[in-house]
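Take a look at the structure below.
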Amino acid sequence: MNEINNFDKYEALKLKNQLCFPLYACSKEVIKKYRPYLEEIGLTYTQYITMMVLWERKAISAKELGEALFLDSGTLTPVLKSLALKGFLTRERSKDDERILLLELTQKGEELKEMACEIPLKLASCVNLSKEESLTLYNLLYKLLRE
């Protein structure tokens, strides 16, 4: 009986039994597929998803953006500085509360949207999933994120 308990205990440590590993590996591989398309418009993946939120919202606080992207301020700050230097967004402290950093899409940032709009379609052709499988995976991943 003790041998079975040890087997079960160590079985859980095998990489093939980890849910986190295929999620991690798939994330890296999918982001790698984005790279050539994003290089064409001068963005990294993190900059791209940041711009996606700004294209949708036009203006947002850095805190709200971090929550939308599941990113902490340490990761987000250099991304925002870089996007501001490229002229895609403005960063300004709130007049009411200086702790709040407000972000706003610029005209140049809006123009970038035109260049980026085909990227999701290009990527869809690189992923070997049916529409139904993609939707199922999408829903399952968001279910994990909400927990």
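The values are calculated or read from the model by the stated rules, or taken from the named source; none is laboratory data. Given the structure is predicted, the values throughout are model-derived calculations rather than measurements. With ideal geometry, Cβ positions are generated from the backbone for all residues, glycine too; neighbour counts draw on all protein chains shown. Note: accessible area is taken over every heavy atom of the protein model, side chains too, but ligands, DNA and RNA are not part of it. Shrake-Rupley method; radii C 1.70, N 1.55, O 1.52, S 1.80 Å.
Find the residue count for segment 53-74, including only residues that are open to solvent by 80 Å² or more (accessible area, probe 1.4 Å), of a type outside the set (K, R) and either under 16 Å from T90 (Cβ atoms) or in contact (Cβ under 8 Å) with a residue 12 or more places away in the chain (or both). Walk me through how you get there before you give the answer.
Of the residues in segment 53-74, the ones open to solvent by 80 Å² or more (accessible area, probe 1.4 Å) are 56-58, 63-64, 67, 70, 72-73.
Going one step further and asking which of them are of a type outside the set (K, R), we end up with 56, 64, 67, 70, 72-73.
Cutting the leftovers down to either under 16 Å from T90 (Cβ atoms) or in contact (Cβ under 8 Å) with a residue 12 or more places away in the chain (or both) gives us 64, 70.
Adding up the residues that qualify gives 2.
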Pairs returned, first residue in segment 22-45 that is part of a helix (DSSP H, G or I), second residue that is open to solvent by 80 Å² or more (accessible area, probe 1.4 Å) and modelled with pLDDT under 95, beta-carbon separation under 7 angstrom, 6 or more apart or interchain, are I41/M115
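Kindly indicate whether T44 is in contact with a strand residue (DSSP E or B) (Cβ under 9 Å, 6 or more places away or on another chain) and polar (S, T, N, Q). It would help to see each step written out before you state the result.
Values: in contact with a strand residue (DSSP E or B) (Cβ under 9 Å, 6 or more places away or on another chain): no; polar (S, T, N, Q): yes.
No: the conditions fail for T44.
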Quick one: E98 ticks every box in (1) in contact with a Cys (Cβ under 6 Å, 6 or more places away or on another chain); (2) of a type outside the set (S, T, Y); (3) over 23 Å from S125 (Cα atoms) bar one, so which box is it? (1)
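Scan segment 77-110 for residues that are assigned to a helix (DSSP H, G or I) and either of a type in the set (K, R) or closer than 22 Å to R35 by Cβ (or both) and report the count.
Taking segment 77-110 as the starting set, the residues that turn out to be assigned to a helix (DSSP H, G or I) are 77-85, 107-110.
Right, trim to either of a type in the set (K, R) or closer than 22 Å to R35 by Cβ (or both) and you get 78-83, 85, 108-109.
Adding up the residues that qualify gives 9.
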Name the residues in segment 75-100 that are modelled with pLDDT of 95 or more and open to solvent by less than 30 Å² (accessible area, probe 1.4 Å), would you? L76, V79, L80, L83, G87, F88, L89
